[in-house]
Amino acid sequence: MFPRAFTFCILFAGVSPIASASALGSAPLSYDDARHLLNRTGFGATSSEIERYVGMSREQAARKLLDGARTTALTPPPAWTAEVGPLRYPRPGDNASQMERKLFQQEQVREGLELRGWWLSEMLATPSPLTERMTLFWHNHFVSSQQKVKLALLMYRQNVTLRAHALGNFGDLLHAVARDPAMVIYLDSAQNRKGTPNENFAREVMELFTLGEGRYAEQDIKEAARAFTGWSIDRDSGRFMFRPFIHDDGVKTVLGKSGNFDGDEVLDILLAQPATAEFVVRKLWREFVSPDPDERQVSRIARRFRDARYDIEVALNDIFTSDAFYAKQSRASLVKSPIDLVVGTLRQFNMAPSEPTPFAVAVAGMGQNLFSPPNVKGWPGQETWINTSSLLARKQFLERLFRGDDPSRMAALPRTESMAPEMPRQALQQGELDPEKARQIRFMREMERGMQSVRFDSSKWMSQVSSAPDPARRAADAERVLLATAPQAEPDAPGDPLALVRSLVLDAAYQLK
Amino acid sequence: MSPTSKSTDRRRFLKRAGGLAVVALAPSAATRVAWAAAPSGADYRKLLVLIELKGGNDGLNTVVPYASSTYYALRPKLAIARDQIAKLSDSAGLHPALEPLLPIWNQRELAVLQGVGYPSPNLSHFRSIEIWDTASRSEEYLQDGWLTRTFSSAPTPRSFAADGVIIGSPDLGPLAGGGTRAIALANTDQFLRQARLAAAEGQARNKALAHILKVEADIMQAASHLNANYAFRTEFPQTGFGNAIKTASQIVANQAGVAVVRVTHGGFDTHSGQPATHARLLGELASGIVAFRSALDELGKWNDTLVLTYAEFGRRPKENLSNGTDHGTASAHFALGGRVAGGLYGEQPALERLSGDGNTGYAIDFRSVYATALERWWGVPSAGPLGGKFAPVPILRA
């Protein structure tokens, strides 16, 4: 009540956009507050990470997170990302044989898997999980999919662009993404020519990237599409290229403004609309706060976001210091994505796999195939993460991860069949395999090794989480770090650390954050 | 041990102030489903079986327009020789691998739907199957499957084990999204093992938790119903598809109450070396369907079963340079069952009038096929779930 009233006073008084209402009255972060903040902005915070934030003010904590943000990945990318020279891919008209096309496809699948593993490694290793979370957020906002783009290299470059701007400026990000080669392919900009416009990008940039549905007319799309004609890529370098001879130089009218606009000018028209800031802030709210945005707060933050020329940190700072973020009803209100579940669990339990790809495959099996969102709208998230199939895949993954003393323990790879076919043992022995099949077998073995490389020492973990001598107290401490809300069932055997952890991670409450 | 017999006395349910009502209770040691009509008046005793031909089946070599010289001109290598075709009419016939279906055709229980597709077809596997699964328009993105929308407006009886069972694919397809009770499983034994990890107990303190508990309850309800092991006399083919059909037959035998079963038969993306692959896949399809029919006859259920095939698209009429075919548009599909009015429906592909990218138009909108299943099979309205009025195809006997 009190802070909200202040908010409006401040806004209308035109005070500096960084100042936030909550600054005036927020209590220091408790353990539960710090845990909530770190799990919403990162993945599976450990007890010692949480302790570092206890006692900070909301503003200090948000500042620390935002100041720690990165613009590049720490993990070295796969070697092929450094390739220079003309891109190799079968082009229409070059009469590539079916075999060449197949080999190209297999190569891209392999590189795509490496790319997924690389990003998962970065999520595990990064000192700024918020950077990766925002990169993933933008990946799900400015969707492109390797299913259509094909070239893993272009998906990598897009990921680099998303990370570079992840906590930077939304306007810069929008302009960068519009000319990002993977996006140019994904939304058919390369097919958008004077006289025969392709409206795909123009439509999605308004509906999904900026204004949101219903904030524009069909005619705006048609006109905007003309402004983007000629935005293309150079087929040798795979870099953006403007082709002036297929660009429409006529006058266009978009959202009431007329002129001989080019694509960048149309993007600026979209950024000038208040609806754009509100659309993005509403989505950030659903990502970080709760599934039900508070419209008054959204428009407040959106106004400050736009006044700050779309500085993403301003919006995030407002969100991370808001009362709604820390409100009781926001706690445990979000469903963990497969990335939350897998990366969060690995980070939480200090599990460092020797090979990350199997975990990226497991994430894909639970419905979140990185670099391949289901369609241009991205993963719808929240409750759609959980159906009977994905919930059993999640539980089976967790169950095998914490099976414990079983020496042949291997965490389940839910539904790996679809991604890497099992190889018949006898074919291997008879040496009948073509090189590609042999490679697939090696891949499967690496996957197995990656899974087996993960070890969990339950007693060690328990000792890091709690020093209490009393088993019931230790169980309560473990529960506090692992669950955002009370478990549905009292854990079995609180004295046995492995049984306790198993019981807590298999509880429905562990699916929430 | 059933997943519901976990001793509850060791577990203290946590009750929280302000909690919502208990959302999920473990199902009682349920007896057989009472065949009460669904609240909506829909007749979900009739089973719908969807067979997905994943990858995009070559409709042109499935139902062959063998009287067309254009067909033979477009496919110098891949065309099926006239003398090998299992003829259905003086212009259409089946691929020889589908010959086992002829007895069903002769009993007039096989309807052949020619040219099933939609306007502005999309040639991407992902996007096009999404269009089929959500029954959306080509440029429209919907989240829920067409059956999910159906069951939300006309629910199945609560006593049913599930709305639908998805066999052989983790992807829920037409049952995705919403509040549908869809169970995905490879086979019932494995599902029952996995289902032991489900525990639908406690109170839902918010919407997200309520949803998870509901899904856990769905798993447990299905698991408690799907444990019978019927001893069929029918021998099922030892193929992936044969196993899936066996699982489907077990589910029917359980009489647990399931409105729809979706079985996926994959591998139809035949860009190269098509003849051998396609013949094998169609052979597996035919032997699986024949076994299914025999199993359902044993159960006396063939008359209460409608089988429909579907796929994201057909394949391009002109063969490619690798002895295969590329992504196409409309395709031929089958409807089978004891109440099917056998015969040829739709139109043969107009091979003389191909589009700019070398594909055919469509004769039957796939949503008309769905409308048939909804209105004429189950007796539920179709305009809502399908986003518009689509005329059913008269493939069912009154």
Requested in this report: In whole Hz, with x marking every Gly and Pro, tabulate ³J(HN,Hα) for the stretch B:67-73 from phi via Karplus 6.51 cos²θ - 1.76 cosθ + 1.60, θ = phi - 60°.
Outcome: 8, 8, 6, 4, 4, 5, 6
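Dipole magnitude of the stretch A:79-271 about its Cα centre, charges +1 at Lys/Arg Cβ and -1 at Asp/Glu Cβ only, in debye to the nearest 20? Please report the intermediate quantities before stating the final value.
Values: 23 positive and 26 negative charges, 86 e Å.
The dipole of the stretch A:79-271 has a size of about 420 debye.
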Report task. List, in order, the whole-Hz ³J(HN,Hα) value for each residue of the stretch A:174-182 obtained from phi through the Karplus relation with A = 6.51, B = -1.76, C = 1.60 and θ = phi - 60°; use x for Gly and Pro. Result -> 4, 5, 5, 5, 4, 10, 6, x, 4
Query - Label-point separation in nm, residue A:222 to residue A:400, each point 7 Å along Cα→Cβ - result: 5.4 nm
**Report entry** Among A:68, A:134, A:212 - extreme Cα towards positive end, dipole of chain A, charges at beta-carbon
**Finding:** A:68
Report task. Measure of size requested: the Rg and Dmax of the stretch B:36-386, with Cα atoms as the atom set and Å as the unit; please supply both. Result -> 20.2, 68
Query raised in the report: Dimensions of the stretch A:107-265 along principal axes (Cα, Å, largest first)?
Result: 50, 33, 21
Report task. Over the alpha-carbon set of the stretch B:131-241, work out the extent along each principal axis and list the three values in angstrom, largest first. Result -> 45, 41, 23
Report task. Mind running the shape call on the protein assembly as shown? Use the C-alpha gyration tensor, a ≥ b ≥ c as the square roots of the eigenvalues: rounded below 1.5 for a/c, prolate if a/b tops b/c, oblate otherwise. Result -> oblate
Query raised in the report: When the Debye formula is applied to the Cα atoms of the stretch A:234-310, each taken as the same point scatterer, what base-10 log of I(q)/I(0) results at q = 0.17, 0.20 Å⁻¹?
Result: -0.79, -0.87
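Nearest 5 percent is fine: what portion of the DSSP beta bridges confined to the protein assembly as shown is antiparallel?
45 percent
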Report summary line: Length gained, residue B:120-residue B:89, 0.36 nm per residue minus C-alpha separation, equals 8.1 nm
**Report entry** Potential lengthening between residue B:232 and residue B:153 on full extension [0.36 nm per residue; Cα-Cα distance subtracted]
**Finding:** 24.9 nm
Query raised in the report: Quick one: if you stick a label point 7 Å off each Cα along the C-beta vector at residue A:472 and residue A:51, how many nm between them?
Result: 2.5 nm
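Which order results if B:90, A:249 are arranged by neighbouring Cβ count within 10 Å, fewest first?
Ascending number of Cβ neighbours within 10 Å: B:90, A:249.
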Query raised in the report: Ranked from highest to lowest mean number of other Cβ atoms within 10 Å per residue, what is the order of the peptides A:193-201, A:259-267?
Result: A:259-267, A:193-201
Requested in this report: Report relative contact order for the stretch A:79-271 in percent, whole number only (criteria: Cα-Cα under 8 Å, sequence separation at least 6).
Outcome: 18 percent
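How high is the relative contact order of the stretch A:207-314, in percent, counting Cα pairs under 8 Å that sit 6 or more residues apart?
After rounding, I find 23 percent.
Taking only DSSP H segments of four or more residues, each worth -39500 (n - 2.57), what value at 222 nm results for chain A once the sum is divided by all its residues, to the nearest 500 deg cm²/dmol?
-15000 deg cm²/dmol
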Report task. Using the Karplus curve 6.51 cos²θ - 1.76 cosθ + 1.60 with θ = phi - 60°, work out ³J(HN,Hα) for each residue of the stretch A:191-199 in order, rounded to whole Hz, and write x for Gly and Pro. Result -> 8, 8, 10, 3, x, 10, x, 10, 8
Requested in this report: Evaluate peptide B:209-217: per residue, the Cβ atoms of other protein chains within 10 Å of its Cβ; return the mean as an integer.
Outcome: 6
Requested in this report: Run the numbers on chain B and let me know its relative contact order in percent, using alpha-carbon pairs under 8 Å that are six or more apart.
Outcome: 29 percent
Report task. Taking the Cα centre of chain A as origin, work out the dipole magnitude from +1 charges on Lys and Arg Cβ and -1 charges on Asp and Glu Cβ, in debye rounded to 20. Result -> 100 debye
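Under a Cβ-only charge scheme (Lys and Arg +1, Asp and Glu -1), can you give me the dipole magnitude of the stretch A:458-513 about the Cα centre, in debye to the nearest 20?
Numbers: 6 positive and 7 negative charges, 46 e Å.
For the stretch A:458-513, the charge dipole is close to 220 debye.
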Query raised in the report: From a point 7 Å beyond the Cα of residue A:264 in the direction of its Cβ, which residues of the stretch A:232-257 have a backbone N at a distance under 13 Å?
Result: A:242
**Report entry** Difference of contour (0.36 nm per residue) and Cα-Cα distance, residue B:82 to residue B:391
**Finding:** 107.8 nm
Query raised in the report: Based on DSSP H runs of at least 4 residues, each adding -39500 (n - 2.57), what is the mean residue ellipticity at 222 nm of chain B after dividing by all its residues, to the nearest 500 deg cm²/dmol?
Result: -8000 deg cm²/dmol
Report task. Go through A:65-78, A:478-491 and give me the packing order, highest mean Cβ count within 10 Å leading. Result -> A:478-491, A:65-78
Query raised in the report: Ranked highest first by the average count of other Cβ atoms within 10 Å around their residues, in what order do A:214-220, A:392-398 fall?
Result: A:392-398, A:214-220
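Taken together, the values in this text are just the output of simple stated rules run on the coordinates, not laboratory data. These numbers were taken from a predicted model, which means no experiment stands behind them. Counting neighbours? That spans all protein chains shown, and the Cβs are built from the backbone with ideal geometry, glycine included.
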